[in-house]
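Take a look at the structure below.
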Amino acid sequence: MRRKLAAGNWKMNGLSASLVEVEKLLEYHPKPACEVLICPPATLIAQLAWRIKNKELAVGGQDCHWNASGAHTGDISAPMLVDAGASHVIIGHSERRADHGESDALVQAKCTAALAAGLTAVVCVGETEHQRDTGITLSVIGMQLAHSLPDDCTAARVVIAYEPVWAIGTGRTPTLAEIGEVHDFIRKTITTRFGAEGNGMRILYGGSVKPSNAAEIFAVSNVDGALVGGASLKASDFGAIIAALEAA
Ligand code: PEP
């Protein structure tokens, strides 16, 4: 049985005062039936981790460097995330692939660094609108999986997030059949490569998940949860998504 996961990606949003939303969330969901993860900006990780000590909530980073330390001004390493209280890290989000030119090889190196530090890596893949329109979605996802995941991926420590680039922050989503097709393809691909570990890895859907569409998305085969951007910023919205996942 794969444990469902609701992951919130705050992106470059949130100041100390925003952590009140997490407190509200914990009031609504003190003992969620699924795993809940919040990835705030790096500046809030230590503060959030401290505030939620002994609570059923995990804290994650949104990126890490592939080296553990060194002359990399402005970067944050995986051991630093662990030191700040993070247990997870998002790797290869499409905004980092686009804004920072991150290649699959770099994503793989970051994933290796995250696993070496003891973090659970949430590795993102997804096609652009042009790639979907030209019918190459599955081959794009297949290439990203092949080159972004290191060989030592396990079900306990790696989560895949399928996030169509064109659905992120746009309010648009693929059809349920399209989501199912990609998730089934990812399951087949990772099971072929990693065996039982691949069968046990969670596959999240991400891209404009909100309270109004969460339940139908969670009913799709091989959708084990969601990576949520905008709707994770408000406790009421994220709480409703968590409730939909608990009921799925
Ligand atoms: C994301 O940033 O991972 C994301 C899915 O964003 P949104 O939910 O806002 O589309």
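The values are calculated or read from the model by the stated rules, or taken from the named source; none is laboratory data. This is a predicted model, so every value here is computed, not measured. Glycine also receives a Cβ, built like all others from the backbone with ideal geometry; neighbour counts cover every protein chain displayed. Just so you know, the surface numbers come from the protein's heavy atoms only, side chains and all, with ligands and any DNA or RNA stripped out. Shrake-Rupley method; radii C 1.70, N 1.55, O 1.52, S 1.80 Å.
Taking amide hydrogens as placed 1.01 Å from N in the peptide plane, the amide H of I91 sits under 5 Å from those of V122, V123, C124, each at least 5 positions away in sequence or on another chain.
Quick check: at a probe of 1.4 Å, how many percent of the accessible area of the chain sits on carbon and sulfur atoms?
Carbon and sulfur: 56 percent of the exposed surface of the chain.
For A121, the shell of other residues with beta-carbons less than 10 Å away shows a net charge of +2, using +1 for Lys and Arg and -1 for Asp and Glu.
By the scheme Lys and Arg +1, Asp and Glu -1, what is the net charge of all other residues having a beta-carbon under 13 Å from that of C64? Its environment carries a net charge of -2.
Where Lys and Arg each count +1 and Asp and Glu each count -1, what net charge lies around G200 among other residues with Cβ under 15 Å from its Cβ? Result for the neighbourhood of G200: +4. When both segment 174-248 and segment 1-71 are represented by their alpha-carbon centers, they are found 18 Å apart.
Would you compute the Debye intensity of segment 195-242 from its alpha-carbon atoms alone, equal scatterers and no solvent, and pass along log10 I(q)/I(0) at q = 0.23, 0.24 Å⁻¹ to two decimals? Log10 I(q)/I(0), no solvent term: -0.77, -0.82.
Applying the Karplus relation 6.51 cos²θ - 1.76 cosθ + 1.60 with θ = phi - 60° to segment 63-71 yields 3J(HN,Hα) values of 5, 8, 7, 7, 9, 7, 6, x, 7 Hz, where x marks Gly and Pro. Over the C-alpha atoms of segment 39-195, the Rg to Rh ratio, Rh being the Kirkwood estimate, stands at 0.98. Of all segments of the chain bounded by trypsin sites (Lys or Arg not before Pro) found in a DSSP loop with no more than 16 other C-beta atoms within 10 Å, the longest spans 56-171. Calculated over segment 129-248, the projected area of the Cα convex hull averaged across directions stands at 7.3 nm². Sorted largest first by accessible area at a 1.4 angstrom probe radius, with every protein chain in place, the residues H100, H183, H29 fall in the order H100, H29, H183.
Here's the picture: charge each Lys and Arg Cβ at +1 and each Asp and Glu Cβ at -1 in the chain, and of C34, S148, G206 the one pushed furthest to the positive end of that dipole is C34.
Kindly sort D75, D152, D99 by accessible area of their heavy atoms, largest first, with the probe set to 1.4 Å.
If we order D75, D152, D99 from most to least accessible, we get D99, D152, D75.
Estimated translational diffusion coefficient (Stokes-Einstein, Kirkwood radius over Cα pairs, 4 °C, 1.567 mPa s) of segment 86-156: 103 µm² per second. Per-residue ellipticity at 222 nm from helix content only, as computed over the chain with -39500 (n - 2.57) for each DSSP H run of at least four residues, stands at -12500 deg cm²/dmol.
Charges were assigned to the Cβ only: +1 to each Lys and Arg, -1 to each Asp and Glu. The resulting dipole of segment 144-215 about its Cα centre is roughly 160 debye. Computed over segment 141-191, the Cα gyration tensor eigenvalues convert (square root of 5λ each) into semi-axes of 22, 12, 10 Å, ordered from largest to smallest.
Projected area of segment 2-85, taken from the Cα convex hull and averaged over every viewing direction, in nm²?
6.1 nm²
The value given for segment 59-104 is a Kirkwood hydrodynamic radius of 11.1 Å, derived from the mean inverse Cα-Cα separation. Of T112, T120, the order by accessible heavy-atom surface (1.4 Å probe, DNA, RNA and ligands excluded), from most exposed downward, is T112, T120. Probing with 1.4 Å while keeping every protein chain in the model, the per residue accessible area of the chain equals 43 Å².
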